[in-house]
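Student: My structure is below; once you've seen it, I'll send some questions.
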Amino acid sequence: LDVIVLHCEKNNKAHKTNDISVNRLIVRRGQSFLVTFELHGPSRPTTDLLELKVETGPQPSEALGTRSVFRLPEGCGKGSSWKVKVHQGSVFLAGSITLDITSPADAPVGEYRLSVKTSATASVGSSLGKLLLLFNPWCKEDWVHLPEEEERQEYVMREQGLVYKGSDKYISSMAWNFGQFEDDIVDICLKLLDVNPKCLCDPAKDFSARCNPIYVSRVVSAMINANDDRGVLMGRWDGRYDGGMSPTHWNGSVEVLRRWLKNGSNPVKYGQCWVFAAVMCTVLRCLGIPCRVVSNFQSAHDTDKNLTIDYFFSDYGVRPKQSPDSVWNYHVWVEAWMRRPDLSAGSLYDGWQVVDPTPQEKSTDVYCCGPAPVKAILQGHVDLKYDVPFVFAEVNADRVTWMVFADGSKKKISTDSVSVGQNISTKAVGSDKRVDITANYKHAEAYFIYFRNLIIQNGAVSTCHNNSPR
């Protein structure tokens with residue numbers, strides 16, 4: 001090969017990645033991109049065989065979808081998931097050829113090595129370079145496909161946004177720079193995937209699983225906090241921030257992610273819920289998964305999965321043991337948009353999924369949460385993965401007050417079925433207005449009380465994933 005042209009600027013603009021870079025090839029899966037090169041001697045596209053190969057990860061495998069060999073003329077070869085054809089209008093002068101290459105819409109995301117050989121070469125091919133492959137919300141076959149362009153611009157492309165804080169009586173907003181297209185952020189996001197414990201344990205399996213946004217979002221949820229891995233942020237809630245920054249210092253994700261990389265993938269000090277969520281939003285948007293930040297006011301933390309937040313008082317002058325349950329004035333998570341074919345043959349649970357990187361409870365022995373379908377939370381389908389019972393309680397738990405007597409018995413004094421889960425909020429599409437999305441999570445209270453009691457009677461709450469208190 002004499003000349004290789006990856007058309008980085010043209011391809012990246014077509015794939016809406018030119019805000020990341022125009023100097024390296026960054027494309028989205030399920031969508032074609034152009035490559036031009038010259039062969040020694042005249043090319044004969046109808047008779048010559050061109051064999052291209054893409055590989056990702058340290059142990060590429062065709063069986064795992066991390067290696068693909070595909071050939072020209074189109075259709076030559078068997079079983080390849082990647083496709084190639086001569087670009088319409090390509091002129092074969094002096095051996096020049098331009099190809100359309102298309103990855104499958106379910107290819108693993110990440111960095112690929114691209115090489116080519118002709119029928120005249122031996123077993124060794126020539127490198128065409130590297131490319132980054134991202135999720136594609138514009139592709140109907142991709143599990144993260146988002147139908148409306150205005151929403152794609154808001155939840156994938158917009159680099160600035162708002163995070164809501166405060167209380168249900170006084171909601172305030174703070175500006176946040178997500179900065180998902182800033183220099184080196186995409187590489188930091190891929191580094192985040194590479195150092196996650198699942199990858200370190202079995203890299204071949206992990207790189208293959210990166211085809212699945214359900215898997216990727218769950219890994220990112222675990223890696224934003226540093227409780228049990230080399231995650232990005234260390235949380236702190238006691239007001240003592242020696243050796244680091246107060247969570248209120250941060251107003252953007254870029255500085256946090258760059259510090260994490262500079263620290264040798266050691267956690268940045270310190271974060272709280274809104275910082276965890278906003279940084280996760282940056283990572284998912286950068287990888288191509290539509291994402292938005294959501295704030296829940298009067299947010300319950302139900303440690304024992306009984307859908308109640310219990311308060312105990314005594315009638316004999318001794319303070320009872322404090323309940324591990326609590327209600328926070330607000331809590332922030334993210335919603336990520338994706339299909340959930342693992343839960344339903346149809347599209348019943350597709351759409352927004354709650355993913356929460358704040359380390360509250362363990363899920364399958366890891367501090368992560370979600371993706372939990374918002375539709376499942378609304379309908380009380382708490383037997384579904386991932387972590388639906390916990391999120392259901394965050395927006396629906398009762399606050400129950402108990403009187404504890406000297407003999408150890410207790411009596412229920414009052415029940416508040418209303419105050420938890422108020423004014424669930426996110427930024428509007430295309431404007432800085434606040435949108436109340438509480439109705440996405442909760443039915444009218446009278447219906448819900450009946451519905452919740454039915455869930456408790458059926459014992460469905462006990463079927464959730466193994467969660468243990470922090």
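Student: Looking at segment 329-342, which of the residues that are buried (at least 17 other Cβ atoms within 10 Å of the Cβ) and not charged (D, E, K, R) is farthest from Y270 (Cα to Cα)?
Tutor: We begin by selecting, within segment 329-342, every residue buried (at least 17 other Cβ atoms within 10 Å of the Cβ); these are 330-340.
From what's left, not charged (D, E, K, R): 330-334, 336-338.
Details: Y330: 18, H331: 16, V332: 16, W333: 17, V334: 19, A336: 24, W337: 28, M338: 30 Å.
Applying the filter and picking the extreme gives M338.
Student: Whether any residue in segment 38-55 is modelled with pLDDT of 95 or more and in a strand (DSSP E or B) is what I want to check.
Tutor: The answer is yes, given that some residue of segment 38-55 is modelled with pLDDT of 95 or more and in a strand (DSSP E or B).
Student: Still on this structure, I have one more. Has segment 363-376 got at least one residue that is part of a helix (DSSP H, G or I), touching a helix residue (DSSP H, G or I) at 6+ places or on another chain (Cβ under 7 Å) and not polar (S, T, N, Q)?
Tutor: Residues of segment 363-376 part of a helix (DSSP H, G or I): 374-376.
Among the residues that remain, those that are also touching a helix residue (DSSP H, G or I) at 6+ places or on another chain (Cβ under 7 Å) are: 374, 376.
Going one step further and asking which of them are not polar (S, T, N, Q), we end up with 374, 376.
Scanning segment 363-376, I find at least one residue that is part of a helix (DSSP H, G or I), touching a helix residue (DSSP H, G or I) at 6+ places or on another chain (Cβ under 7 Å) and not polar (S, T, N, Q), so the answer is yes.
Student: For residues that are surrounded by 13 or more Cβ atoms within 10 Å (Cβ to Cβ), modelled with pLDDT of 80 or more and over 13 Å from F390 (Cα atoms), tally how many sit in segment 305-323.
Tutor: 4
Student: Continuing with the same structure: For segment 319-328, give me the residue count where each residue is touching a residue at least 24 places away in the same chain (Cβ under 8 Å) and over 20 Å from G421 (Cα atoms).
Tutor: Of segment 319-328, the ones touching a residue at least 24 places away in the same chain (Cβ under 8 Å) are 320, 324-328.
Still in the running and over 20 Å from G421 (Cα atoms): 320.
Residues in segment 319-328 being touching a residue at least 24 places away in the same chain (Cβ under 8 Å) and over 20 Å from G421 (Cα atoms): 1 in total.
Student: Failed condition for S326, given (1) under 30 Å from L257 (Cβ atoms); (2) at pLDDT 90 or above; (3) over 17 Å from the mean Cα position of the chain (by Cα), with all others met?
Tutor: Tallying (1) under 30 Å from L257 (Cβ atoms); (2) at pLDDT 90 or above; (3) over 17 Å from the mean Cα position of the chain (by Cα), S326 fails exactly one: (2).
Student: Could you run through segment 254-305 and say how many residues are without any contact (Cβ under 8 Å) to a residue 12 or more places away in the chain and in contact with a Leu (Cβ under 7 Å, 6 or more places away or on another chain)?
Tutor: First pass over segment 254-305, keeping only residues without any contact (Cβ under 8 Å) to a residue 12 or more places away in the chain: 255, 259, 262-264.
Remaining after also requiring in contact with a Leu (Cβ under 7 Å, 6 or more places away or on another chain): none.
So the count comes out to 0.
Student: Hey, any hits in segment 286-295 for a residue that's under 22 Å from V219 (Cα atoms), aliphatic (A, V, I, L, M) and part of a helix (DSSP H, G or I)? I'd like the intermediate steps shown before the answer.
Tutor: As a first pass, look at segment 286-295 and keep what is under 22 Å from V219 (Cα atoms): 286-295.
With the extra rule that they be aliphatic (A, V, I, L, M), the set shrinks to 287, 289, 293-294.
Those left that are additionally part of a helix (DSSP H, G or I): 287.
Taking every residue of segment 286-295 in turn, at least one turns out to be under 22 Å from V219 (Cα atoms), aliphatic (A, V, I, L, M) and part of a helix (DSSP H, G or I).
Student: Further question: Quick test for you: out of A278, A345, pick the one residue that is modelled with pLDDT under 95 and either buried (at least 24 other Cβ atoms within 10 Å of the Cβ) or in a loop (DSSP other than H, G, I, E, B) (or both). Before you say what the answer is, go through the steps one by one.
Tutor: Details: A278 fails: modelled with pLDDT under 95.
Of the residues listed, the single one that is modelled with pLDDT under 95 and either buried (at least 24 other Cβ atoms within 10 Å of the Cβ) or in a loop (DSSP other than H, G, I, E, B) (or both) is A345.
Student: E154: more than 23 Å from P108 (Cα to Cα), crowded, with 19+ Cβ neighbours inside 10 Å and charged (D, E, K, R), yes or no? Lay out the reasoning, then the answer.
Tutor: Values: more than 23 Å from P108 (Cα to Cα): yes; crowded, with 19+ Cβ neighbours inside 10 Å: yes; charged (D, E, K, R): yes.
For E154, the condition - more than 23 Å from P108 (Cα to Cα), crowded, with 19+ Cβ neighbours inside 10 Å and charged (D, E, K, R) - is met.
Student: Considering only segment 138-194, how many residues are within 20 Å of Q353 (Cβ to Cβ) and of a type in the set (V, I, T)?
Tutor: The number of residues fulfilling the criteria is 3.
Student: From D387, D350, which residue is of a type in the set (D, E, K, R) and either over 16 Å from the mean Cα position of the chain (by Cα) or surrounded by fewer than 20 Cβ atoms within 10 Å (Cβ to Cβ) (or both)?
Tutor: Values: D387 fails: either over 16 Å from the mean Cα position of the chain (by Cα) or surrounded by fewer than 20 Cβ atoms within 10 Å (Cβ to Cβ) (or both).
Sole residue among the options that is of a type in the set (D, E, K, R) and either over 16 Å from the mean Cα position of the chain (by Cα) or surrounded by fewer than 20 Cβ atoms within 10 Å (Cβ to Cβ) (or both): D350.
Student: Based on this model, can you work out whether T401 counts as assigned by TED's automatic domain parsing to the domain that holds T358, in a strand (DSSP E or B) and more than 17 Å from S314 (Cα to Cα)? I'd like the intermediate steps shown before the answer.
Tutor: Details: assigned by TED's automatic domain parsing to the domain that holds T358: yes; in a strand (DSSP E or B): yes; more than 17 Å from S314 (Cα to Cα): no.
The answer is no for T401.
Student: In addition: Within the set of pairs 6 or more residues apart or between chains, which connect a residue that is touching a residue at least 24 places away in the same chain (Cβ under 8 Å) and in the same structural domain as L257 (by TED's automatic domain parsing) inside segment 181-206 to a residue that is surrounded by fewer than 21 Cβ atoms within 10 Å (Cβ to Cβ) and among the polar types (S, T, N, Q) with Cβ atoms less than 6 Å apart?
Tutor: V195/S265; A204/Q59
Student: To continue, here is another question. What are the residue pairs meeting all of these: first residue in segment 229-252, first residue more than 23 Å from I188 (Cβ to Cβ), second residue in a loop (DSSP other than H, G, I, E, B), Cβ atoms under 8 Å, and 6 or more apart or on different chains?
Tutor: W237/Q272
Student: Across segment 407-439, what is the number of residues that are outside any loop (DSSP other than H, G, I, E, B) and farther than 30 Å from Y155 by Cβ?
Tutor: Here is the first cut: in segment 407-439, the ones outside any loop (DSSP other than H, G, I, E, B) are 410-416, 422-427, 434-436, 438-439.
Subsequent filtering for residues that are farther than 30 Å from Y155 by Cβ retains 410-416.
Residues in segment 407-439 being outside any loop (DSSP other than H, G, I, E, B) and farther than 30 Å from Y155 by Cβ: 7 in total.
Student: Specify the residue that is farthest from T364 (Cα to Cα); the eligible residues are those in segment 436-470 that are surrounded by fewer than 14 Cβ atoms within 10 Å (Cβ to Cβ) and modelled with pLDDT of 75 or more.
Tutor: Here the residue is D436.
Student: Tell me, yes or no, whether segment 259-273 has at least one residue that is buried (at least 23 other Cβ atoms within 10 Å of the Cβ) and assigned to a helix (DSSP H, G or I).
Tutor: Yes, segment 259-273 contains a residue that is buried (at least 23 other Cβ atoms within 10 Å of the Cβ) and assigned to a helix (DSSP H, G or I).
The values are calculated or read from the model by the stated rules, or taken from the named source; none is laboratory data. Just so it is clear, the structure is predicted and the values come from calculations on it, not from any experiment. Quick reminder, even Gly has a Cβ in these numbers, built from the backbone with ideal geometry, and neighbours come from all protein chains shown.
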